[in-house]
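Each remark here refers to the structure printed beneath this line.
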Number of protein chains: 2
Amino acid sequence: MLVVMVAVSAQPRECSVARTLEVVGEKWALLAVREVFLGNGRFDEMVRRTGAPRDTMAARLRALTASGILERRQYSDHPARFEYHLTDAGRDLYPVILTLMRWGDRYLARGGGPPLRLEHRCGHVLGAQLVCEACGDQVVAAETTALRSR
Amino acid sequence: MLVVMVAVSAQPRECSVARTLEVVGEKWALLAVREVFLGNGRFDEMVRRTGAPRDTMAARLRALTASGILERRQYSDHPARFEYHLTDAGRDLYPVILTLMRWGDRYLARGGGPPLRLEHRCGHVLGAQLVCEACGDQVVAAETTALRSR
């Protein structure tokens, strides 16, 4: 990324990356979101499939619900049981999950290939690529310029 | 995402998202990477612009260097001073940073609009979109299917 230098500031940068990480910037939070994307929204199974400590998972689910990323719905009356679903804001985290997955597939495959493959509705194995909406070219850091920094 | 259910497992899922989060799944680590993308690879300034505690930032930089995401290069002899640069693996984290940024721009803008705008080399303000490499359509969770889960 080309950089337009601005005056050195003593303040942390105002930044959407930092703001997002305040909400989901913790391993167990993102793994909880991953589980719901994979169709698993029930607490015990989320704990099992992430390996999270139960207390930690419970705290993350409360925070994700309070942040409007997940919502909790009752699916059984007797006994009362609940499961988590993604809100629209939660579903919009899919690109974050996919780019994390792709990086791991590339750099941390440990010789075994990707642990999970996704098929796109077009019928091909999904290779997800970040492109510029305007020109369609793949986005790489060296071809972007920061316009303004507060 | 459509889900192909597999036998319930007592084991945490083998998953590239989880593996990646073991390396960069912590707020200060990703903010350190953000700073280097923004052209700021010097320790004191990284501390200032992220707001990270110095000890925490030092630990994250050591881990990111050990993981092959950053490399430390000397830029001054007297006194000996160092700055951090992205490796190829580090540069490939750009989509992760951009998708986090985009989500924050959308959901956490606090009425002020995006704090940072990027311009693509095509001349347009960058709107980065995740698309399928095969068909070019935007990727949404409801249009992908898990092929295999270990």
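Each reported figure results from applying straightforward, stated rules to the coordinates on display, with no laboratory input. Note that this is a predicted model, so its numbers are computed, not measured. Neighbour counts are summed over all protein chains in view; Cβ atoms, including those assigned to glycine, are modelled from backbone coordinates with ideal geometry.
A few remarks follow.
- Hz values of 3J(HN,Hα) by residue in the range B:122-138 - Karplus curve (6.51, -1.76, 1.60), Gly and Pro given as x: 6, x, 9, 4, 6, x, 8, 10, 8, 10, 6, 4, 7, 10, x, 6, 4
- Estimated Rh, the range B:34-150: Kirkwood, alpha-carbon pairs, angstrom: 17.2
- Position B:Arg110: other-copy label points at 4.0 nm, ordered by increasing distance, label point 7 Å along Cα→C-beta.
- Shape category assigned to the range A:75-142 from the gyration tensor of Cα positions, a/c cut at 1.5: prolate
- Among A:Ser76, A:Ser16, the order by Cβ neighbours within 10 angstrom, fewest to most, reads A:Ser76, A:Ser16.
- Only Lys, Arg, Asp and Glu carry charge here, each on its Cβ (+1 for the first two, -1 for the last two); on that basis the protein assembly as shown has a dipole of about 560 debye about its Cα centre.
- Dividing the summed -39500 (n - 2.57) terms of all DSSP H runs of n ≥ 4 by the residue count of chain A sets its mean residue ellipticity at 222 nm at -11500 deg cm²/dmol.
- The Cβ shell under 14 Å around A:Glu45 holds other residues with a net charge of +4, Lys and Arg each +1, Asp and Glu each -1.
- For chain A, the residue among A:Ala141, A:Leu61, A:Leu93 whose Cα projects farthest onto the positive side of the dipole built from Cβ charges is A:Leu61.
- Residues whose amide H comes within less than 5 Å of that of A:Val139, counting only those at least five positions distant or on another chain, are A:Leu130, A:Val131, A:Cys132 (H built at 1.01 Å from N in the peptide plane).
- Percent antiparallel among DSSP beta bridges (both partners in chain B, rounded to 5): 90
- Inter-copy separations for A:Asp137, label at 7 Å along Cα-Cβ, nm, ascending: 2.7
- Distant-in-sequence amide H partners of B:Glu14 (H built 1.01 Å from N, under 5 Å): B:Arg150
- For A:Val33, A:Val140, order by how many other beta-carbon atoms lie within 10 Å, fewest first: A:Val140, A:Val33
- With neighbour counts taken as other beta-carbon atoms within 10 Å, the residues B:Val131, A:Val24 rank, fewest first, as B:Val131, A:Val24.
- Here the contact order of chain A, divided by its residue count and restricted to Cα pairs under 8 Å and six or more residues apart, works out to 28 percent.
- Angle between chain B longest axis and helix B:27-37 axis [Cα atoms, degrees, rounded to 10]: 70
- For the protein assembly as shown, the gyration tensor built on C-alpha atoms gives a prolate shape. Its axis ratio a/c (a ≥ b ≥ c) is at least 1.5, and a/b is the larger of a/b and b/c.
- Inter-copy separations for A:Thr65, label at 7 Å along Cα-Cβ, nm, ascending: 4.4
- Dipole in debye (nearest 20) - chain B, about Cα centre, beta carbon charges: Lys, Arg +1; Asp, Glu -1: 340
- Taking amide H as placed 1.01 Å from N in the peptide plane, the amide H of B:Arg117 sits under 5 Å from that of A:Leu147, A:Arg148, each at least 5 places away or on another chain.
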